[in-house]
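Student: Questions regarding the structure given below will be posed in turn.
The values are calculated or read from the model by the stated rules, or taken from the named source; none is laboratory data. It should be emphasised that the depicted structure is a prediction, and the values quoted were computed from it without experimental measurement. Here Cβ is always computed from backbone atoms with ideal geometry, including for glycine, and neighbour counts include all displayed protein chains.
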């Protein structure tokens with residue numbers, strides 16, 4: 001195991017973790033503020049990638065395509081909330097799960113019917129498609145560094161929005177005492193509408209940033225949704241700070257496990273056994289981590305926090 005390989009895999013894990021954070025942050029915001037279980041959040045991630053891919057192909061500009069894709073994700077978030085999810089907000093969680101699972105099936109089939117099952121291209125923006133030498137012998141793709149920087153920037157902006165603005169004050173109040181907030185003249189349904197649409201835009205942004213690295217295809221949201229739920233379970237449901245910490249941990253554990261599990265097993269077992277067991281152990285690592293956290297901290301690492309309460 002060389003230092004260069006280890007450094008590259010750590011950066012890959014950080015980049016993967018911050019993409020997970022962009023997805024998990026919107027998911028935990030929606031749950032923390034609205035108490036709404038949205039299984040269709042992975043679909044919003046997928047739609048963001050598709051909208052950006054189509055917009056980039058039509059305009060020839062990644063920047064303009066990204067803006068249009070984010071606008072489309074935001075608009076679809078408003079549309080989903082107004083037409084469907086608003087009627088489920090105060091329903092039982094089981095009804096929310098069933099309804100949003102139906103949304104997954106309908107939207108995924110609609111995307112296949114419109115675009116086909118084959119992946120769509122989403123090229124790396126011109127000028128960001130090379131690699132930069134971070135140290136002698138370590139060249140790393142510029143776009144992956146952009147993804148890392150974007151994830152950290154979004155984390156800072158969320159912290160500032162939630163803890164330092166009037167909008168954040170309304171979010172904190174609306175999550176814990178919605179009836180009181182309504183009695184003071186605030187339209188709590190409008191607050192919920194904007195929270196849901198903003199969460200959808202974050203998921204769409206994650207899909208747009210991941211598109212040049214992964215394939216843009218109808219099932220791309222399925223895996224990331226499962227991992228996003230793992231993240232919010234580990235970090236603490238409703239905690240954006242917990243989502244950030246857990247996303248980075250999950251990203252590193254998953255990436256380093258897949259890269260080095262087989263080599264580490266060879267230190268204690270024969271090569272054949274290591275080759276068979278290594279990939280299996282690597283794929284289970286994050287779920288084992290989640291189980292360990294649940295044993296010692298059943299409500300997550302940031303116990304009892306909502307998306308904001310101790311972030312100040």
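Student: Of the conditions (1) over 20 Å from residue 31 (Cβ atoms); (2) in a helix (DSSP H, G or I); (3) out of contact with any helix residue (DSSP H, G or I) (no Cβ under 6 Å at 6 or more places or on another chain), residue 251 satisfies every one except a single condition; which number is it?
Tutor: The number of the failed condition is (3).
Student: Okay, moving on. Quick test of your reading of the structure: residue 79 fulfils all but one of (1) under 16 Å from residue 194 (Cβ atoms); (2) in contact with a helix residue (DSSP H, G or I) (Cβ under 7 Å, 6 or more places away or on another chain). Name the failing condition by number.
Tutor: (2)
Student: While we're here: Search region 223-241 for residues being in a helix (DSSP H, G or I) and more than 12 Å from residue 23 (Cβ to Cβ), and hand back the single one that is nearest to the chain's Cα centre (by Cα).
Tutor: Within region 223-241, the match that is nearest to the chain's Cα centre (by Cα) is 240.
Student: With respect to residue 57, is the statement that it is surrounded by fewer than 24 Cβ atoms within 10 Å (Cβ to Cβ), modelled with pLDDT of 90 or more, assigned to a helix (DSSP H, G or I) and in contact with a helix residue (DSSP H, G or I) (Cβ under 8 Å, 6 or more places away or on another chain) true?
Tutor: In short, yes.
Student: Of everything in region 136-151, what is over 20 Å from the mean Cα position of the chain (by Cα), free of Cβ contacts under 8 Å to residues at least 12 places away in the same chain and exposed (fewer than 14 other Cβ atoms within 10 Å of the Cβ)? Give them in sequence order.
Tutor: Answer for region 136-151, where residues must be over 20 Å from the mean Cα position of the chain (by Cα), free of Cβ contacts under 8 Å to residues at least 12 places away in the same chain and exposed (fewer than 14 other Cβ atoms within 10 Å of the Cβ): just 136.
Student: Which condition from (1) touching a residue at least 24 places away in the same chain (Cβ under 8 Å); (2) under 23 Å from residue 231 (Cα atoms) is the one that residue 78 breaks?
Tutor: Going through the list (1) touching a residue at least 24 places away in the same chain (Cβ under 8 Å); (2) under 23 Å from residue 231 (Cα atoms), residue 78 breaks only (2).
Student: Moving on. Restricting region 269-298 to residues that are outside any helix (DSSP H, G or I) and either within 20 Å of the chain's Cα centre (by Cα) or exposed (fewer than 12 other Cβ atoms within 10 Å of the Cβ) (or both), which is modelled with the highest pLDDT?
Tutor: 298
Student: Looking only at residues that are over 18 Å from residue 199 (Cα atoms) and in contact (Cβ under 8 Å) with a residue 24 or more places away in the chain in region 82-108, which one is surrounded by the most Cβ atoms within 10 Å (Cβ to Cβ)?
Tutor: Across region 82-108, the extreme among qualifying residues is 108.
Student: Something else about it: Restricting the search to region 84-139, which residues are more than 26 Å from residue 217 (Cβ to Cβ) and not in a loop (DSSP other than H, G, I, E, B)?
Tutor: If the condition is that a residue be more than 26 Å from residue 217 (Cβ to Cβ) and not in a loop (DSSP other than H, G, I, E, B), then 86, 87, 93, 94, 95, 96, 132, 133, 134, 135, 138, 139 are the ones that fit.
Student: If you take the residues in region 172-211 that are more than 16 Å from the chain's Cα centre (by Cα) and in contact (Cβ under 8 Å) with a residue 40 or more places away in the chain, which one is nearest to residue 120 (Cα to Cα)?
Tutor: It comes out as 193.
Student: Pick from 154, 124: which is touching a helix residue (DSSP H, G or I) at 6+ places or on another chain (Cβ under 7 Å) and surrounded by fewer than 19 Cβ atoms within 10 Å (Cβ to Cβ)?
Tutor: Going through 154, 124 in turn, just one is touching a helix residue (DSSP H, G or I) at 6+ places or on another chain (Cβ under 7 Å) and surrounded by fewer than 19 Cβ atoms within 10 Å (Cβ to Cβ): 124.
Student: Another question, then. Here is a check on your reading of the model: is residue 12 surrounded by fewer than 24 Cβ atoms within 10 Å (Cβ to Cβ) and in contact with a helix residue (DSSP H, G or I) (Cβ under 9 Å, 6 or more places away or on another chain)?
Tutor: When the stated conditions are applied, residue 12 passes them.
Student: Still on this model: Check 6, 22, 27 and return the single one that is part of a helix (DSSP H, G or I), more than 23 Å from residue 222 (Cβ to Cβ) and at pLDDT below 95.
Tutor: Testing whether each residue is part of a helix (DSSP H, G or I), more than 23 Å from residue 222 (Cβ to Cβ) and at pLDDT below 95 leaves just 6.
Student: Follow-up question, since we're still on this one. Can you tell me which residue among 226, 213, 232 is more than 23 Å from residue 81 (Cα to Cα), out of contact with any strand residue (DSSP E or B) (no Cβ under 8 Å at 6 or more places or on another chain) and either modelled with pLDDT of 90 or more or buried (at least 23 other Cβ atoms within 10 Å of the Cβ) (or both)?
Tutor: Being more than 23 Å from residue 81 (Cα to Cα), out of contact with any strand residue (DSSP E or B) (no Cβ under 8 Å at 6 or more places or on another chain) and either modelled with pLDDT of 90 or more or buried (at least 23 other Cβ atoms within 10 Å of the Cβ) (or both) holds for just one of 226, 213, 232, which is 213.
Student: Further question on the same structure: What residue, of 69, 63, is under 24 Å from residue 152 (Cβ atoms), touching a helix residue (DSSP H, G or I) at 6+ places or on another chain (Cβ under 6 Å) and part of a helix (DSSP H, G or I)?
Tutor: Exactly one residue qualifies, and that residue is 69.
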